[in-house]
Amino acid sequence: MAITSIKNLKEFSTVNERFEGAHLLCPGCAHSMIVRELMNATDDNLVIATNTGCLEVSTAVYPYTSWDTSWIHIGFENAATAAAGAEAMYKARKRKGTLKDPDAPVKFVAFGGDGSTYDIGFQWLSGAVERGHDFTYICLDNENYANTGGQRSSATPIGAHTTTAQAGRVSYGKKQKKKDMVAIMAAHGAPYVAQLAPNKWKIMAKGFQKALETEGPCFINTVSACTTEWKFDPKDTIHITDLATDTLMFPIYEIIDGHELNILYRPKNVLPVEEYLAAQGRYKHLFKPENKHVIEKIQKDINDFWEYLQRREEARV
Amino acid sequence: MKGVLATDRRGVRELGAEELVGWDEVTQGVVLNSFDIELENVAHIPPEERPYSDFNSYTATVASWRVIKPVYNRDICIDCQNCWVWCPDTSIISRDKQMLGIDYDHCKGCGVCVEVCPTNPKSLLMFAEAEDPEAALAKWPEKKKKEKK
Ligand SMILES: Cc1ncc(C[n+]2csc(CCOP(=O)(O)OP(=O)(O)O)c2C)c(N)n1
Ligand code: SF4
Ligand code: SF4
Ligand code: SF4
Ligand SMILES: [Mg+2]
């Protein structure tokens, strides 16, 4: 595969972009930062499937497309299905000798939001990974159904306010913990699974390249800060993402072949989770005295999970 | 049954026109071509040389979204490309490792580039959309002694 040099940002910046501007994502939306980086990480041909969600509705608003590559829009559940189908067809045509350029390098990629990945497209993703298609699935995890106005998903963290898990007099927002999708995908035995973040551009680009190079189904969960539903100023997308990775709310790690866990980023100075929560409107209510216990729980969960990751890494099992 | 016909070439058929068509005549899906000719290896063709079609959002603009805009000061810039890697709207024009400026057709004025610019003073600053670029440069702040967090 032809990978782009990511030795440093100057070299990386010489790529010819294939994701165009004048899409209609909100100003400061992290979805497009992640998509740009994936497309810039390789110069192979790309076949990309995107299911319904902010990314899809904003980059294919008739009569415009923002994609300079083969791109398929498909229904909410089926990013993985479409990518898997295209990959299977490609393989079959290669076998039959009906491809115009059988040696051209092609990579198959699927983008889904957390709503589609963690909830509604879950069984189709699971199926495509179990069948072993050679593709990379990237979840743009903004922890809510943003495109339809911010409903809770199973990726929404405990304590967050969403339109269907509201904070108010009787509730502190969502009551359930975020689903551990990375572990679930690793349990499928996928050869490469990771959680990455756009503020750590080099780690993310490396992870993308690894996933694209790896034969078989790969899954990457990316934290995608959503200025509209998380309620922060658009200019702060990277700052918020820094807080996410440096409070360990979003630890950055990979799992190879379902078991070998590597932590990819260790903050020099781990910040208390309050700093991350206080920077976003969706957690505002947690700072009322009666909700102090929720913040304590979030912090404890973070500490426990970090401990778990470190032990898993050490154990090499 | 009423259906809307769509085709893969704007203008070939009247788009958006409502016609009475059978259920099996409605076009299944729409194909938009990003370029006017079939291209191979788009990743090897610089944007300047691409035959963008009218369907490509590159040919559209979102400039009217902005109320504030980033202004670029070449004199201070160190070409680190932070602004390039994090711009969500592919609006930092970088060629041959150099930052050349802002694509005001596609910039939405989010201000991310200003936040991630590491120089002191910053090489990018937000100004009112109506501000004249020369006037903005004339107002550029001095180097700050020490930034208090
Ligand atoms: C089967 C189905 N159910 C519901 C919808 C409506 N719908 C469209 S986008 C969307 C939310 C998408 O959320 P997510 O996948 O997290 O992506 P985001 O918009 O947050 O990036 C919903 C519920 C749909 N299109 N199809
Ligand atoms: S609602 Fe959130 S995810 Fe959707 S476009 Fe806006 S910032 Fe991006
Ligand atoms: S203001 Fe936002 S859209 Fe405009 S150039 Fe800066 S980062 Fe890009
Ligand atoms: S972030 Fe600032 S210093 Fe770096 S390339 Fe952009 S304008 Fe220049
Ligand atoms: Mg979402």
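Taking the options A:Asn221, A:Asn269, A:Asn262, name whichever one is modelled with pLDDT of 95 or more, within 21 Å of A:Ile302 (Cβ to Cβ) and assigned to a loop (DSSP other than H, G, I, E, B).
Working: A:Asn221 fails: assigned to a loop (DSSP other than H, G, I, E, B); A:Asn262 fails: assigned to a loop (DSSP other than H, G, I, E, B).
Every option except A:Asn269 fails the conditions.
Run down B:Ser91, B:Ser123 and say which single residue is among the polar types (S, T, N, Q) and at the interface with chain A (Cβ under 10 Å from one of its Cβ atoms).
Working: B:Ser123 fails: at the interface with chain A (Cβ under 10 Å from one of its Cβ atoms).
Exactly one of B:Ser91, B:Ser123 is among the polar types (S, T, N, Q) and at the interface with chain A (Cβ under 10 Å from one of its Cβ atoms), namely B:Ser91.
Would it be correct to say that A:Val109 is within 16 Å of the chain's Cα centre (by Cα) and at pLDDT 95 or above?
On the way: within 16 Å of the chain's Cα centre (by Cα): yes; at pLDDT 95 or above: yes.
Spelling it out, A:Val109 is indeed within 16 Å of the chain's Cα centre (by Cα) and at pLDDT 95 or above.
More than 15 Å from ligand 1 (Cβ to nearest atom), in a helix (DSSP H, G or I), more than 8 Å from every other protein chain (Cβ to nearest Cβ) and within 27 Å of B:Met99 (Cα to Cα): is that true of A:Met89 in this structure?
Details: more than 15 Å from ligand 1 (Cβ to nearest atom): yes; in a helix (DSSP H, G or I): yes; more than 8 Å from every other protein chain (Cβ to nearest Cβ): yes; within 27 Å of B:Met99 (Cα to Cα): no.
Judged against the criteria, A:Met89 is not a match.
For segment A:28-66, name all the residues that are more than 9 Å from every other protein chain (Cβ to nearest Cβ) and either surrounded by fewer than 22 Cβ atoms within 10 Å (Cβ to Cβ) or of a type in the set (Gly, Ala, Ser) (or both).
Hits for segment A:28-66 are A:Ala41, A:Val47, A:Ala49, A:Gly53, A:Val57, A:Ser58.
Every residue in segment A:141-197 that is open to solvent by less than 30 Å² (accessible area, probe 1.4 Å), within 16 Å of ligand 2 (Cβ to nearest atom) and hydroxyl-bearing (Ser, Thr, Tyr), please.
Matches in segment A:141-197: A:Ser153, A:Thr156, A:Thr162.
Out of A:Thr227, A:Thr241, which single residue is open to solvent by 10 Å² or more (accessible area, probe 1.4 Å) and within 16 Å of ligand 3 (Cβ to nearest atom)? Lay out the reasoning, then the answer.
Numbers: A:Thr241 fails: open to solvent by 10 Å² or more (accessible area, probe 1.4 Å).
None of the others qualify; the one that does is A:Thr227.
Picking from A:Ser66, A:Ser70, which residue would you name as being free of Cβ contacts under 8 Å to residues at least 40 places away in the same chain, closer than 16 Å to A:Phe111 by Cα and not β-branched (Val, Ile, Thr)? Reasoning before the result, please.
Numbers: A:Ser66 fails: free of Cβ contacts under 8 Å to residues at least 40 places away in the same chain.
It is A:Ser70.
Does at least one position in segment B:55-66 carry a residue that is within 16 Å of ligand 4 (Cβ to nearest atom) and over 22 Å from A:Ala41 (Cβ atoms)?
We begin by selecting, within segment B:55-66, every residue within 16 Å of ligand 4 (Cβ to nearest atom); these are none.
No - not one qualifying residue is present in segment B:55-66.
Identify all residues within segment A:16-25 that are in a loop (DSSP other than H, G, I, E, B), facing another protein chain (nearest Cβ under 7 Å) and either without any contact (Cβ under 8 Å) to a residue 40 or more places away in the chain or not small (Gly, Ala, Ser) (or both); write none if there are none.
Taking segment A:16-25 as the starting set, the residues that turn out to be in a loop (DSSP other than H, G, I, E, B) are A:16-18, A:20-25.
Cutting the leftovers down to facing another protein chain (nearest Cβ under 7 Å) gives us A:16-18, A:20-23, A:25.
A:Asn16, A:Glu17, A:Arg18, A:Glu20, A:His23, A:Leu25, listed by residue number.
The values are calculated or read from the model by the stated rules, or taken from the named source; none is laboratory data. Just so we're clear, the structure is a prediction, and the values are computed from it rather than from any experiment. No Cβ is skipped: glycine too gets one built from the backbone with ideal geometry, and neighbour counts run over all protein chains shown. Side chains included, ligands, DNA and RNA excluded: accessible areas come from the protein's heavy atoms. Shrake-Rupley method; radii C 1.70, N 1.55, O 1.52, S 1.80 Å.
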